[in-house]
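Below you'll find the structure, written out as structure tokens, and then a few comments.
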Amino acid sequence: MASATPSESVDSELCCSICLDTFICPSTLSCGHSFCLRCLEVAWETASSFSCPQCRATFPVRPQLRRNVALANLAEQLKVGDVMAAVVVCDICSDGHTPAVKTCLRCEMSYCFSHFRPHQENPRLRDHTVVDPTASLDERRCPNHKRELEFYCTVESSLVCSTCTIADKHTGHKVLTLKDEHETRKVRPSE
């Protein structure tokens, strides 16, 4: 089994084991375990005895729950970092901060509005497959052939690459370009 990266370890330490989400207003019990303040309040709402939801250590009286400020600050930084990591930036802009509006799967580049314009105006670039900005181009590649997923197999309702359609299990299946499939779904929105 692969070990967790340092980033994943930090993420798991900032996760409430009750709601399984990043801490919101974390509170630390005397046993050392931390939970969202609201999660503990809900867990203990009707309880006759009070124990740690993780290690089951019992407390003779209901513990006073206070916000763990340091943990709350770390959790907030993690949330801000996740938002920043989710923003795909233009690969051409030198500032490294300009948000991308499209990613071209053929060029394997993400573009801001002004750098995407050639794909709209140049006839040689118009047939490129462009998608909403994505940082992970691997999600847009065939897992078997590592080629661009540019077709939709109507028989198996799956995205396929050109190699799948001519030399693999999708040979002979009816396939549509992604653009044609998108247009078809516009006409038949109930599916």
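Here is how the numbers come out for the structure above:
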{"item": "Charge dipole (debye, nearest 20) of the chain; +1 at Cβ of Lys and Arg, -1 at Cβ of Asp and Glu", "result": "200 debye"}
{"item": "Hits among lysines - C-alpha to C-alpha of K146 under 20 Å, sequence gap 8 or more where chains match", "result": "K169"}
{"item": "Matching label, Rg/Rh (Cα atoms, Kirkwood Rh) computed from the structure shown, candidates (i) 1.17; (ii) 0.99; (iii) 1.08", "result": "(i)"}
{"item": "Straight-distance crosslink candidates among lysines, where the alpha carbon sits under 30 Å from K79 and sequence neighbours closer than 8 are dropped", "result": "K102"}
{"item": "Pairwise centroid distance, computed over Cα atoms, of region 105-120 with region 25-67, Å", "result": "52 Å"}
{"item": "Cα convex hull of region 87-137 - mean projected area over all directions, nm²", "result": "3.2 nm²"}
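Read-outs throughout are calculated quantities, based only on the coordinates presented, and are distinct from any laboratory measurement. Given the structure is predicted, the values throughout are model-derived calculations rather than measurements. A quick note on method: Cβ atoms are made from the backbone with ideal geometry, for glycine too, and the neighbour counts reach across all protein chains shown.
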